[in-house]
Amino acid sequence: MSPPRFASSFAELRLWRWLVVCHQVTSKGDAPSGSWFSSLQAPFDFHHYLPINDADLLSGLYLIGGGRRRIVSGATYPPVEHPGVYQFQWSQGRELPEYQIILLSDGGGEFESKPTGTMKWNDAALVILFPGVWHRYKPKPKQGWTERWISIHGQDVPTIFDEGGLSPEHAVIPLSNVEWCEQTFDTVLQRIASEPTGQSAALRIGAMQVMAVTLDHVPAKSNLPPDEPLSRVKDSVLNQVSDELVKDAVSLIWTQSHRRMTVDHLVSQLPCTRRTLERRFSTELGHTILDEINRCRLTRAKMMLKQTTLPIKSIAYMSGFGDQERLRVLLHQDEHCSPSEYRERSHTQEST
């Protein structure tokens, strides 16, 4: 097996190592003879949830289920066919206990979650659902769509997604060419249909391939505008600092604070105690670590308010703020205006 074209990041190389190991296992007899596909062909519209045991729960990756369905124009959505936690209504939405990767093609639709706000697309998209994150989605009523999905979990999944640039803030990836994605999903769905009672290495290969294809479609900057302004601000801060420990802390803040970050999380990545870092940070820069984290997030939010038309709620989450209100409070302290007023003012200044 030779590395595929998508093995270009640490997360994707981790996936590739997994695929090699699984290939070695299946080549010793785990996979059925002949080809990847069983002679049994799954119906196009189907779904199945796999049994999970204690050993699966402790593994790096396990597959929970998968399915495929064509939603015709005008049909009620979602169809009432899934058990308990998996069923939802548009009016209520839902939260899942695991990760789910959904390929939506042959029609546009709408997705909403707290981190993303409302997002719409016209043709096709990959949607990634995260454990415990409320969401809802639906096709355009006069269009319908085809949906393919797998549910996964395991100790390695959060790390792979994080290193690959996937997060609840970037849950929707519009697609222009879906053929390869459809083939990859159909392969693993066929495997689920032919092995409905177990967690074979071949099933894990299929799940890994879907994850790899998903990572291959993540935009280089996760749909963020160019980072040059952030880099300039970061460099100006670093030029003020002579303490190497504080330089390392500043670099981590300006590269990681779009995610969830606390002072304790920052300290855990450095060879010092919290008290030591806080003292040396204040001596070098004259303000606290939290002040620097908020400064970085606010700089990122201002840049997106100026350069994008993203909803303010999405900008708040993509900048690292826990909610829209935190962005509003800090921006008002700094610029004496609301996010919408800042955006309008910036656009007015650019046009004059």
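The values are calculated or read from the model by the stated rules, or taken from the named source; none is laboratory data. The structure displayed is predicted, hence computed values, not measured ones. Note that each Cβ is placed from the backbone with ideal geometry, even for glycine, and that neighbours are counted across all protein chains shown.
Would you check which residues across the stretch 298-324 are of a type in the set (Val, Ile, Thr), more than 16 Å from residue 233 (Cα to Cα) and assigned to a helix (DSSP H, G or I) and list them? Answer for the stretch 298-324, where residues must be of a type in the set (Val, Ile, Thr), more than 16 Å from residue 233 (Cα to Cα) and assigned to a helix (DSSP H, G or I): 312, 315.
Only one of the listed residues (346, 319, 314, 340) is closer than 26 Å to residue 246 by Cα, in contact (Cβ under 8 Å) with a residue 24 or more places away in the chain and among the small types (Gly, Ala, Ser). That residue is 319.
Can you tell me which residue in the stretch 80-131 is nearest to residue 181 (Cα to Cα), limited to those that are polar (S, T, N, Q) and outside any strand (DSSP E or B)?
Ranking the candidates gives 122 first.
Take the stretch 255-268 and flag every residue that is modelled with pLDDT of 90 or more and in contact with a Leu (Cβ under 9 Å, 6 or more places away or on another chain). It would help to see each step written out before you state the result.
Our first condition is that a residue be modelled with pLDDT of 90 or more; within the stretch 255-268, this holds for 263-264, 266-268.
263, 266, 267, listed by residue number.
Residues that are hydrophobic (A, V, I, L, M, F, W, C), farther than 15 Å from residue 243 by Cα and buried (at least 18 other Cβ atoms within 10 Å of the Cβ) within the stretch 265-304 comprise 266, 267, 293, 296, 298, 301, 303, 304, listed in sequence order. Annotation: residue 177 fulfils all but one of (1) outside any loop (DSSP other than H, G, I, E, B); (2) of a type outside the set (A, V, I, L, M, F, W, C); (3) surrounded by fewer than 15 Cβ atoms within 10 Å (Cβ to Cβ); the unmet one is (1).
Filtered by the rule that a residue be modelled with pLDDT of 80 or more, assigned to a loop (DSSP other than H, G, I, E, B) and surrounded by 13 or more Cβ atoms within 10 Å (Cβ to Cβ), the stretch 43-71 gives 45, 50, 52, 60, 61.
What residue, among those in the stretch 277-302 that are touching a residue at least 12 places away in the same chain (Cβ under 8 Å) and of a type in the set (S, T, N, Q), is farthest from residue 166 (Cα to Cα)? The residue in question is 283.
Do we have residue 327 as touching a helix residue (DSSP H, G or I) at 6+ places or on another chain (Cβ under 8 Å), farther than 19 Å from residue 167 by Cα and assigned to a helix (DSSP H, G or I) here? Against the criterion (touching a helix residue (DSSP H, G or I) at 6+ places or on another chain (Cβ under 8 Å), farther than 19 Å from residue 167 by Cα and assigned to a helix (DSSP H, G or I)), residue 327 qualifies.
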